[in-house]
Amino acid sequence: MSQEAGTSQASTRLGQTFERIAEACSEVGRDPRTVTLIAVSKTFGVEHITPVIAAGQRHFGENRVQEALGKWPPLIDAHADIVLHLIGPLQSNKAREAVQVFDVIHTVDRPKIAQALKSEILRQGRNPELFVQVNTGEEPQKAGVAPGEVAALLAVCRDSLGLEIAGLMCIPPANDAPAPHFALLAKLAAEHRLAKLSMGMSADFETAVQFGASYVRVGSAIFGSRA
Ligand SMILES: *Cc1c(COP(=O)(O)O)cnc(C)c1O
């Protein structure tokens, strides 16, 4: 595909996604400016990302630190206003690189990661926005803290480490209706006075918006299906 055709397809899909967000907002009386769309570019190369940047998109999500380091530094050099989000699990030995390249980290889920991030934030003088990931479906294979452990992890982050936490993030189980998971995340955030919610993907972002999402993480609806 030519660069121009790529740009136009990307802007069409972006435009459609923004329209769907606006419609979901209007159904529940939300201001669409309170929802930020993250374009999830994992597995897609720079040639797919460049047209989406050209279409005006600035928030992007990646799920692997190494993949992000291989793609994003030149794009960030060229567009200083890009905001890069880590939406995949973080190992503590990757905390240094994660704090270097990401502006928002959605996947804090244990004290060891919180501690590693705190050290790097102090060392590098960077200040990423942080989310605690909650395993709302309590799935054994899935990352995230169990709903019943949220209070304890927040206490470690906020009280012991002095880390500011912006909000909560979840990925509902693939085969469940997402709404009860979004409702649970919103309830936990309200209980702990957390302002932001990271929830909703291509299949369910409108529902997430109706339950109060501040960030929706949309990949295939913008970039097409992943190989
Ligand atoms: C891949 C991914 C997304 C985007 O998924 P789509 O279904 O392609 O929109 C959102 N959130 C997380 C955590 C992901 O890993």
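Quick note: the coordinates plus some simple rules give every number you see, no bench work behind them. No experiment lies behind these values; they were computed from the predicted model shown. A quick note on method: Cβ atoms are made from the backbone with ideal geometry, for glycine too, and the neighbour counts reach across all protein chains shown.
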Output for segment 160-216: trypsin sites (Lys or Arg not before Pro) sitting in coil per DSSP, at most 13 other Cβ within 10 Å, listed by number, reads ARG193
Counting as exposed only GluC sites (Glu not before Pro) in DSSP loop states with no more than 12 other Cβ atoms inside 10 Å, the longest exposed-site-free span of the chain is 1-137
Given a Förster distance of 41 Å, the FRET efficiency implied by the Cβ-Cβ spacing of SER26 and ALA174, rounded to the nearest 0.05, works out to 0.90
If CYS25, CYS157 are placed from fewest to most neighbouring beta carbons inside 10 Å, the sequence is CYS25, CYS157
Fewest to most Cβ atoms within 10 Å: HIS79, HIS59, HIS48 sort as HIS79, HIS48, HIS59
Reduced to Cα centres, the span from segment 174-227 to segment 105-134 in Å works out to 21 Å
The ³J(HN,Hα) series, computed from each phi in segment 197-204 with the Karplus coefficients 6.51, -1.76 and 1.60 at θ = phi - 60°, rounded to the nearest Hz and given as x for glycine or proline, is 10, 9, 6, x, 10, 3, 7, 8
Restricting to Cα pairs under 8 Å and 6 or more apart, the percent relative contact order of the chain works out to 20 percent
Excluding residues fewer than 8 positions from LYS112 in its own chain, the aspartates and glutamates with Cα under 19 Å of it are GLU97, GLU120, GLU129, GLU149, ASP159, GLU164
Given a Förster distance of 45 Å, the FRET efficiency implied by the Cβ-Cβ spacing of THR34 and ASN93, rounded to the nearest 0.05, works out to 0.80
Inverse of <1/r> over all distinct C-alpha pairs of segment 115-227, i.e. the Kirkwood Rh in Å, gives 14.9 Å
The aspartates and glutamates whose Cα lies under 13 Å from the Cα of LYS142, excluding any fewer than 8 residues away in the same chain, are ASP109
Pseudo-spin-label distance GLU67 to GLU164, built 7 Å along Cα→Cβ, given in nm, is 3.0 nm
Between HIS48 and ASP81, the two model label points (7 Å from Cα along the beta-carbon direction) sit apart by a distance in nm of 2.6 nm
Cross-link reach from LYS71 to lysines, straight Cα distance under 19 Å and at least 8 residues apart if same chain, gives LYS42, LYS94
Yeah, the chain with a ≥ b ≥ c from its alpha-carbon gyration tensor (a/c under 1.5 is rounded, else prolate when a/b outruns b/c, oblate otherwise) is oblate
